[in-house]
Amino acid sequence: GQHSWLVEMETAQLAIEYTLLCKDRKLSIEILVKKIESLGLSCSKIEHQAKGICIDLSEEIGFYLFLLDAGKYPYNAWETIFFTGDFTFERTLQFRMDKGYFDIEKRYGVMLRILFDLTEELNEEAILVWCGGEEMCFFREDKPVLLNNESGIWSRDCFKDVIAEREVCYKEYS
C-alpha cells in the first residue's frame with residue numbers, strides 16, 4: 001500500500017525535488033556535512049557551484065543535495081499558505097531525487113531526518129516545498145512544526161515515523 005503510492009508518485013514526476021526555503025543563513029556547508037556524516041553517509045562527492053554546493057549522495061541514499069544562496073528580492077520571496085504576506089529566504093536546501101534508487105522509504109526517512117534535525121538545531125525558520133509548489137510544512141523558531149496535510153502526505157508511514165517523536169501541529173483549513 002504505502003510503498004506503491006511512493007513508487008507511483010516518483011514515476012509520475014519528471015524530477016522530484018524538495019526545497020527548504022531558509023529564512024536566514026544559519027545553515028552552512030560545514031553544518032550540513034557534519035549532519036550527513038552523523039547519519040553514517042559519506043560527503044566525498046562535493047561539487048562547488050556558482051551559488052553554493054552540490055553533494056552527490058545518489059549511490060548511498062538516492063538523492064543529490066544542493067545548498068544554495070537565494071537571489072535578491074523579489075526572487076527570494078515566497079507567497080505562503082501559512083500566514084499572510086511573503087516569506088523571504090536567504091538560502092535554499094534542495095533534495096533532488098534519483099529515480100533509480102531502490103529503497104524509497106529509507107531515502108525519505110533520511111531526507112526528513114536531515115530537514116527536521118537541522119531546522120531544530122539551528123532554530124531556523126523555513127518552509128519545505130515539494131516540486132509542484134505544494135508547501136509541506138513550516139519550521140518555526142521555538143514553536144512546533146506546522147504541517148500542511150491537505151494532500152495526506154504526512155499520513156504516509158515513512159513520513160509519520162519521522163514526525164512521531166517531534167513537536168508538530170497541523171494547519172487548520174477553513
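Here are some notes:
- For the criterion of being outside any helix (DSSP H, G or I), open to solvent by 80 Å² or more (accessible area, probe 1.4 Å) and modelled with pLDDT of 95 or more, Glu47 passes.
- Top-ranked residue of region 132-155 - restricted to ones that are assigned to a loop (DSSP other than H, G, I, E, B) and under 18 Å from Glu17 (Cβ atoms), ranked as modelled with the highest pLDDT: Asn148
- Pairs linking a residue in region 37-50 that is more than 17 Å from Arg113 (Cα to Cα) to a residue that is acidic (Asp, Glu) and open to solvent by less than 100 Å² (accessible area, probe 1.4 Å), with Cβ atoms under 8 Å and 6 or more positions apart or on different chains, are Lys45/Asp56; Ile46/Asp56; Glu47/Asp56.
- Of the set (1) more than 22 Å from Val33 (Cα to Cα); (2) open to solvent by 20 Å² or more (accessible area, probe 1.4 Å), all apply to Leu147 but (2).
Here's the yes/no breakdown for (1) open to solvent by 80 Å² or more (accessible area, probe 1.4 Å); (2) under 14 Å from Ile127 (Cβ atoms):
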| residue | (1), (2) |
| --- | --- |
| Ser28 | no, no |
| Ile36 | no, no |
| Cys54 | no, no |
| Thr80 | no, yes |
| Lys99 | yes, no |
| Val110 | no, no |
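- Residue within region 122-131 that is closer than 27 Å to Ala70 by Cβ, of a type in the set (Val, Ile, Thr), modelled with pLDDT under 90 and not in a loop (DSSP other than H, G, I, E, B) present: no
- Hits in region 82-93 - residues which are out of contact with any Lys or Arg (no Cβ under 9 Å at 6 or more places or on another chain) and open to solvent by 30 Å² or more (accessible area, probe 1.4 Å): Phe83, Thr84, Gly85, Asp86
- Of the residues contained in region 56-67, none is found to be without any contact (Cβ under 8 Å) to a residue 60 or more places away in the chain, small (Gly, Ala, Ser), over 30 Å from Glu172 (Cα atoms) and loosely packed, with under 15 Cβ neighbours inside 10 Å.
- Pairs meeting the criteria (first residue in region 92-112 and under 11 Å from Ser58 (Cβ atoms), second residue open to solvent by less than 20 Å² (accessible area, probe 1.4 Å) and acidic (Asp, Glu), beta carbons under 8 Å, at least 6 apart or on different chains) are Met97/Glu10; Lys99/Glu10.
The values are calculated or read from the model by the stated rules, or taken from the named source; none is laboratory data. Computed from a predicted structure; not experimentally measured. Cβ sites come from the backbone with ideal geometry, for glycine too, and all protein chains shown count toward neighbours. Remember, those area values only see protein heavy atoms, side chains included, never the ligands or the DNA or RNA. Shrake-Rupley method; radii C 1.70, N 1.55, O 1.52, S 1.80 Å.
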